[in-house]
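See structure below.
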Protein chains: 2
Amino acid sequence: MAVGKRVKRVDAHAKATGKAVYVSDMKFPGMLVGKVLRSKIPFGKIILLDVSAAKRIKGVHTVLTAADIPGKNVCHVVYDDMPLLATDYVRYVGEPIALVAAESEDAAVSALEAIDLEIDDLPPLTDPELYSNPESPILYGKDNIFSHHKIRSGDISAGFDKSDIIFEQTYRTTYQEHAYLEPQGMLAIPTQEGGIDVYGTMQCPFYVHGAVSDITGLPQSKVRIVQTTTGGAFGGKEDVPSLVAGWASVLALATKRPVKLILGRSEDMISMSKRHPSRVQVKLGASSSGDITTAEIDILFDAGAYATLSPVVLWRGIVHACGPYKIPNVKIDARAVATNKVPCGAYRGFGSPQTLFAIESAIDELALKLGLDDVELRRKNNLAQGDATITGQILSESVGLQQCLEKALDKSDYRTLKSSLKDDCGPIKRGIGISTIYYGVGLGAGGTHLARTGAYVSVQPDGSVQFAVGTTEMGQGMRTVLGQIVAESLGIPFENVYCLPVDSSRVPDSGPTVASRATTMSGRALLVTCSTIKSNIAKAVAGELGTSPKNIAFGENKVFRTDDPGTFLSWQNAVEKALALKTALTVVGHDSSPPTNWNEDTGQGDAYVVFAWAANIAQVAVDTRTGVARLEKLWAAHDMGKAINPTLVEGQIEGGSVQGMGYSLTEEYIIDEKGIPLNPRFSFYHIPSTMDTPEIFPIIVESAYSEGPYGAKGFGEQPLMGIAPAIANAIFDATGVRLREQPFTPERLWPKLKEVIDEN
Amino acid sequence: MAVGKRVKRVDAHAKATGKAVYVSDMKFPGMLVGKVLRSKIPFGKIILLDVSAAKRIKGVHTVLTAADIPGKNVCHVVYDDMPLLATDYVRYVGEPIALVAAESEDAAVSALEAIDLEIDDLPPLTDPELYSNPESPILYGKDNIFSHHKIRSGDISAGFDKSDIIFEQTYRTTYQEHAYLEPQGMLAIPTQEGGIDVYGTMQCPFYVHGAVSDITGLPQSKVRIVQTTTGGAFGGKEDVPSLVAGWASVLALATKRPVKLILGRSEDMISMSKRHPSRVQVKLGASSSGDITTAEIDILFDAGAYATLSPVVLWRGIVHACGPYKIPNVKIDARAVATNKVPCGAYRGFGSPQTLFAIESAIDELALKLGLDDVELRRKNNLAQGDATITGQILSESVGLQQCLEKALDKSDYRTLKSSLKDDCGPIKRGIGISTIYYGVGLGAGGTHLARTGAYVSVQPDGSVQFAVGTTEMGQGMRTVLGQIVAESLGIPFENVYCLPVDSSRVPDSGPTVASRATTMSGRALLVTCSTIKSNIAKAVAGELGTSPKNIAFGENKVFRTDDPGTFLSWQNAVEKALALKTALTVVGHDSSPPTNWNEDTGQGDAYVVFAWAANIAQVAVDTRTGVARLEKLWAAHDMGKAINPTLVEGQIEGGSVQGMGYSLTEEYIIDEKGIPLNPRFSFYHIPSTMDTPEIFPIIVESAYSEGPYGAKGFGEQPLMGIAPAIANAIFDATGVRLREQPFTPERLWPKLKEVIDEN
């Protein structure tokens, strides 16, 4: 009735017409402006921090330093290494040192300028590849390693010994800025009974909830977190909103006034998390017939100054490091290391775009070396149902990879297209590149402790339904998709269902909204909850329908006998009767993923509950006169189990692909060797515009997941993940130039192109 | 651990220090001021209503009349007779006719003045006793009777025939104004997805919820009602907030802006509900030895222009009309009739203060006539366990009346005091008066369909607990008392429990917060909910404690084995373990009262689930030179089953008694015979001040109710109910003057006093 329909997004109108209320639109009586004093130095010891002059400025209500934090001076993410405000040392440009709350923006800025701060500079570590250099400073632990994961499977020595061909290469990626439309911002309001309410832009209200409680010292029951309309997130609002909320909260408690703290764009770019720069060294062994038997991979992530999410980002990176291939002998080491740069964190794909860029480029290179067709090499080695992944996980169901690949090939008319593109003898060279990828849905073995969701569903006396979940809408369309699931489950029209804003006081901790888990995991909790409600209604009206509750079903706005569908009550009528009998039609339901087996020493076990799959075919044009590469067309086939709303699925494919294109071609955030960010503004950091958008052909593959709501798996991150290698492979196809470091800007492409042109 | 303790009110500090946020303190960006055009004429036909000039005034965003209401033009209470805005006729001074939303108060007032309104006057019906006069207009139905209830029990003809003494008298009462500190007010905010959020001062969020949905035409799922700090209510915020919310909501939807609509004090007094004026005719038959065998009572309530709550107020009045006495032969008729005056509604006691004033005065008069001691007459006839009430309800438990009376007599040293007061020969005459009363707890047989509650309880990861209910805090201390119940149930300190603000989107419809039902009914729902949580925790930790879940108990911040209390986990530890196992610790629970038997034709059946009981002993001083009567001392003994918080029980006794004293001695709201209110301001309507407060001796009697939380029954209204007759009886004791119409102002007392003085 509702699932599978292209219903309109519930938030579309408000967002398109400017009516959506973002945290920066909110005002409360007596509200103050919060600001953060940040380090301009990448590494140094604070030797003076005097806020007394700043406090005396007219309109300034308070100036706080680490000493003034009522609870713990820590923003817990995976570890507890990151302070809310720096104390003795600063470790990156942008690190927060002090906070101001003032009547006005001007007064707050004046106060920041009046803070007396002296820092003794220290030589920074900025190149992650030097993390173990004896001359490098130790920024974390004994060795600068935040995290080291391993995968050990089979026997790589034997594997390489038996290989006909060994291929070895190194790939590098750099930062990606989230470039969300709405910068970070929070509004904290002290409540009249000594608690605090926090409104703001975020992905993970329960992370913020825990952080604000830790930082303020308030019990969690007195902290309430409300997500406001969130203008994009992409992982950038997973962990760092806890910092912003912490700052606003301590200011609000100190001044006993509402405090709004919104970051400026440059401030946000300088100080907020990014995608980890990486170096991935790949060594593959294969038979001459194209059986890839062995992989040895070394992964290095530049984590920046604090661990934040690096250990888990790295984990997803290592699990996906061999791509969607069955390779029996594998040894992978992955390290995230400390540098004096901005802490990196979550970004759509969460560590896998880096490793997938490497492996999917390497597969192409290996095919060339083997003299095999790249499609054939993939077909030969791609994972299929019943196969084991590199972590030893048997894929028992929902493996739509082959379908994705074949459909993409078919829709793009791959062979014909590829050869026809070569006919053009002009200065624009065109080529085709492929990538096949997979994506572990949900938090996986590394996040089992967080893998729970709750849902609140309340059937109103007029038959309309309110529901709430603990996962968030950040533009992906979750509120609409979950509404469709509720409507389908209760058998009522989508229009009769309304999704409440996320409020930590309305649902239990439902984990973070990350890892493409919202549809699947909140969807499951909603189904559990709706099931209780249906069971309660069935009990209430079974007598009236002359049958037993187990013979009652719901659909088409009716409650009917399964053995005699003509005998029914309208939904509205059934609700009225049930409420008259005081039936419970407001229910909180819970769902959780079972614990998974995982051996951290060997990296063996069931990494994820299920995987989504994708194949991308990219048509790229390279202007040989300028070195400018453009993505012209993209066939993106994705298996998400079930497209609850095909329009939103296509929207995710389009948005994610363009974001992946930006990552591939133009987006380059530069922190120089001294640790200074060079281009924290959109004039110099180039995200794609509408004019750059290629023609995208989204292809939906539905290989149902039996445990997902109506078969759905998550896939929101996946569209970005395979774009860079597909483009790199296409550039090679077009020009013969192999780029092993993104982004593929003219500055990188042109010199190599010139070499090739000069050779010919 | 927490129940029975004198813990501090959770809202005390915020209210005492001015930090509490009332709806008038709230501001939202773009917020407009709402105002209401009201009739200055008690009865007339609208012949012109032109808002075009008003709309053109600068700063005015909209002017709305009945024709502009998007949904139904009705404020449903018991019937659907009252419009949100008048259409053809106006029926009382203060009736709303049109609405304005403007940038400022000034612009709104200018717009009201610019509305072109012409009304053809009609002769009003203002004296309820003339409701059936052929010359009176018909304002409702065919006979001006909104409601007629009956009680028929035994045989009054035979009863009076056998009586040795027959006593007959008429008693009258007038209006009482609620005089809440905070006038009515609502703030409506259109949501970005086409719904509406309403914040305001109220008792019954679910009444407001239904009304706003009806009036706006929005589905209930898109309407959210949040109760703000409520500065007093006393029944005055039971039904009328639906009107105020309706006005604010239609203005907000029309302007697409937040609209705040706060009534001024005089506007509030003129237009908002009051306690019903009444005439109660009592005829009692008794044996010479003092057995009261027969009662015939006729009750007439002045309901005002619309029915609102009159049918149910009248019902409570009739059920309590014979006071707490066992009388076998009873015939009572009660009518609520229409007049061209402000609609009367709920007020602490809900119809029973009027009838209890009559019966408790009559008992005193009967004792005199019988030549019996008033205490002895009460002792002889008071209801006791096992007795039947006049509705035939057998009192099976929790009848603390005798204890109340004896304790009050004992604490006041009644006999000695009464005789010693007579020793004073000065111009100040002192006397003692007694009343014994009872109060049916909860909605009773007339409100069974509303008798349900829900509760949300969420145990946070740090072990602190949030809970929400659908009943409201309006000054009575409910949030504190319910917190004590939660803490006691879970066995944790009260400080670890936090009560969330009431929000219709957080809990199911829990019925109205009226009828002294919040502690008992929300308390029961909380116990049900906590019980589920405890059961879930027990299942999670039983293994760890080496026993089965049924052998697990909670207390003293521990989860322990019942057979071995030394084997335990701390609460915090148990919560952590349970959450690690993904146990559901956030639960919505439901409770409801069973349907009761009730025969509306005979007024026979179980009227209420249980009764609270009270005895008041009042010491009054009358200045024979001025006719001023003062309540000097009051011994107020109340049986509320269990005092969850004795301090709050005493607070209710003190506050209710003083409010009852105001009703008895000074408060007189006058609408003249033309239908014009004469004194809608506190300069002329005299509520007691601190200086008038007598010495009050609250006496707690705990006759446990087996179905109540920890034995508690409701009793919040009861302290007011018996004050007027106790004072009237004391005035008689002091002076020999019997007053049968309240308030007992010098204007009423002095002429009669003069007669007595002149006689002697």
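The values are calculated or read from the model by the stated rules, or taken from the named source; none is laboratory data. Here the structure is a predicted model, which means the values were calculated and not measured. In this analysis, Cβ positions are derived from the backbone assuming ideal geometry, glycine residues included, and neighbour counts consider all displayed protein chains. Only protein heavy atoms, including side chains, enter the accessible area calculation; ligands, DNA and RNA are left aside. Shrake-Rupley method; radii C 1.70, N 1.55, O 1.52, S 1.80 Å.
Residues in the stretch A:243-291 that are more than 30 Å from the chain's Cα centre (by Cα) and among the charged types (D, E, K, R): A:256, A:257, A:291.
Given the criteria open to solvent by 10 Å² or more (accessible area, probe 1.4 Å) and part of a loop (DSSP other than H, G, I, E, B), does residue A:512 qualify? Give the steps one after another, and end with the answer.
On the way: open to solvent by 10 Å² or more (accessible area, probe 1.4 Å): no; part of a loop (DSSP other than H, G, I, E, B): yes.
It is false that residue A:512 is open to solvent by 10 Å² or more (accessible area, probe 1.4 Å) and part of a loop (DSSP other than H, G, I, E, B).
Of all the residues in the stretch A:76-105, those that are touching a Gly at 6+ places or on another chain (Cβ under 8 Å), free of Cβ contacts under 8 Å to residues at least 60 places away in the same chain and open to solvent by 50 Å² or more (accessible area, probe 1.4 Å) number 1. Close Cβ contacts (under 6 Å, 6 or more residues apart or on different chains) running from residues in the stretch B:579-607 that are assigned to a strand (DSSP E or B) to residues that are surrounded by 18 or more Cβ atoms within 10 Å (Cβ to Cβ) and of a type in the set (Lys, Arg) comprise B:591/B:524; B:592/A:582; B:592/B:452.
The condition (being touching a Cys at 6+ places or on another chain (Cβ under 9 Å) and either away from every other protein chain (no Cβ under 14 Å) or buried (at least 16 other Cβ atoms within 10 Å of the Cβ) (or both)) is satisfied by just one residue among B:546, B:589, B:555: B:589.
In this structure, does residue A:574 turn out to be on the phi < 0 side of the Ramachandran plot, of a type in the set (A, V, I, L, M, F, W, C), open to solvent by less than 10 Å² (accessible area, probe 1.4 Å) and without any contact (Cβ under 8 Å) to a residue 24 or more places away in the chain?
Numbers: on the phi < 0 side of the Ramachandran plot: yes; of a type in the set (A, V, I, L, M, F, W, C): yes; open to solvent by less than 10 Å² (accessible area, probe 1.4 Å): yes; without any contact (Cβ under 8 Å) to a residue 24 or more places away in the chain: no.
Judged against the criteria, residue A:574 is not a match.
Restricting to the stretch B:712-760, what's the tally of residues that are within 24 Å of residue B:437 (Cβ to Cβ) and open to solvent by 10 Å² or more (accessible area, probe 1.4 Å)? Step through it out loud before you land on a result.
Just the residues of the stretch B:712-760 that are within 24 Å of residue B:437 (Cβ to Cβ), to begin with: B:712-735, B:737-745, B:748-749.
Still in the list and also open to solvent by 10 Å² or more (accessible area, probe 1.4 Å): B:715-717, B:732-735, B:738, B:740-741, B:745, B:748.
The qualifying residues number 12.
When residue B:197 is tested against (1) farther than 29 Å from residue B:247 by Cα; (2) charged (D, E, K, R); (3) within 14 Å of chain A (Cβ to nearest Cβ), exactly one condition is not met: (1). Applying the criterion of being within 22 Å of the chain's Cα centre (by Cα) and in a strand (DSSP E or B) to the residues of the stretch B:209-228, the residue that is surrounded by the fewest Cβ atoms within 10 Å (Cβ to Cβ) is B:226.
Taken over the stretch A:524-537, the residue count meeting the criterion of being within 25 Å of residue A:712 (Cβ to Cβ), open to solvent by 10 Å² or more (accessible area, probe 1.4 Å) and either modelled with pLDDT under 95 or not basic (Lys, Arg) (or both) is 5.
Looking only at residues of the stretch A:457-475 that are of a type in the set (Val, Ile, Thr) and either within 14 Å of residue A:530 (Cβ to Cβ) or open to solvent by 10 Å² or more (accessible area, probe 1.4 Å) (or both), we find that the one that is nearest to the other protein chains (Cβ to nearest Cβ) is A:465. When residue A:528 is tested against (1) within 14 Å of chain B (Cβ to nearest Cβ); (2) more than 26 Å from residue A:655 (Cβ to Cβ); (3) touching a helix residue (DSSP H, G or I) at 6+ places or on another chain (Cβ under 7 Å); (4) of a type outside the set (Lys, Arg), only condition (3) is not met. Being among the basic types (Lys, Arg), within 14 Å of another protein chain (Cβ to nearest Cβ) and out of contact with any strand residue (DSSP E or B) (no Cβ under 7 Å at 6 or more places or on another chain) is a property that does not hold for residue A:5. Scanning the stretch A:315-362 for residues that are within 26 Å of residue A:375 (Cα to Cα) and either part of a loop (DSSP other than H, G, I, E, B) or small (Gly, Ala, Ser) (or both) yields a total of 15. For the stretch A:111-124, filtering for residues that are assigned to a helix (DSSP H, G or I) and open to solvent by less than 50 Å² (accessible area, probe 1.4 Å) leaves 3. Pairing each residue of the stretch B:617-630 that is among the hydroxyl-bearing types (Ser, Thr, Tyr) with any residue that is assigned to a strand (DSSP E or B), provided the two are 6+ apart or on different chains, yields C-beta distances under 7 Å for B:624/B:429.
For residue B:136, the conditions (1) open to solvent by 70 Å² or more (accessible area, probe 1.4 Å); (2) within 30 Å of residue B:271 (Cβ to Cβ); (3) more than 30 Å from the chain's Cα centre (by Cα) are fulfilled apart from (1). Taking the stretch B:174-208 as the range and being open to solvent by 10 Å² or more (accessible area, probe 1.4 Å) and touching a residue at least 40 places away in the same chain (Cβ under 8 Å) as the test, the residues that pass are B:174, B:179, B:181, B:182, B:183, B:189, B:190, B:199, B:206, B:207.
Of the residues in the stretch A:16-34, at least one is touching a Phe, Trp or Tyr at 6+ places or on another chain (Cβ under 9 Å), more than 14 Å from every other protein chain (Cβ to nearest Cβ) and within 26 Å of residue A:91 (Cα to Cα).
In the list B:540, B:580, which residue meets the criterion of being of a type outside the set (Phe, Trp, Tyr), within 14 Å of another protein chain (Cβ to nearest Cβ) and surrounded by fewer than 15 Cβ atoms within 10 Å (Cβ to Cβ)?
Answer to the check: B:580.
Does residue B:428 qualify as being more than 14 Å from every other protein chain (Cβ to nearest Cβ), in contact with a strand residue (DSSP E or B) (Cβ under 7 Å, 6 or more places away or on another chain), open to solvent by less than 10 Å² (accessible area, probe 1.4 Å) and not charged (D, E, K, R)? In short, no. When the residues of the stretch A:608-625 are narrowed to those that are β-branched (Val, Ile, Thr) and assigned to a loop (DSSP other than H, G, I, E, B), which ends up farthest from residue A:656 (Cα to Cα)? This residue is A:624.
Pairs are defined by a Cβ separation below 8 Å, a sequence spacing of at least 6 or placement on different chains, a first member in the stretch B:405-425 that is at pLDDT 95 or above, and a second member that is of a type in the set (Ser, Thr, Tyr) and not in a helix (DSSP H, G or I); the pairs so defined are B:405/B:436. Pairing each residue of the stretch B:492-504 that is more than 8 Å from chain A (Cβ to nearest Cβ) and more than 23 Å from residue B:21 (Cα to Cα) with any residue that is open to solvent by less than 10 Å² (accessible area, probe 1.4 Å) and in a strand (DSSP E or B), provided the two are 6+ apart or on different chains, yields C-beta distances under 9 Å for B:492/B:465.
Test residue B:170 against the criterion of being assigned to a strand (DSSP E or B), out of contact with any Lys or Arg (no Cβ under 6 Å at 6 or more places or on another chain), of a type in the set (S, T, N, Q) and touching a residue at least 12 places away in the same chain (Cβ under 8 Å), and give yes or no. Show your work before the answer.
Values: assigned to a strand (DSSP E or B): yes; out of contact with any Lys or Arg (no Cβ under 6 Å at 6 or more places or on another chain): yes; of a type in the set (S, T, N, Q): yes; touching a residue at least 12 places away in the same chain (Cβ under 8 Å): yes.
So residue B:170 fits the description; yes.
Across the stretch B:139-167, which residue is nearest to residue B:335 (Cα to Cα) among those that are in a loop (DSSP other than H, G, I, E, B) and within 28 Å of the chain's Cα centre (by Cα)?
Here the answer is B:144.
Could you tell me whether any residue of the stretch A:687-704 is assigned to a helix (DSSP H, G or I) and either within 30 Å of residue A:137 (Cβ to Cβ) or in contact (Cβ under 8 Å) with a residue 60 or more places away in the chain (or both)? Taking every residue of the stretch A:687-704 in turn, at least one turns out to be assigned to a helix (DSSP H, G or I) and either within 30 Å of residue A:137 (Cβ to Cβ) or in contact (Cβ under 8 Å) with a residue 60 or more places away in the chain (or both).
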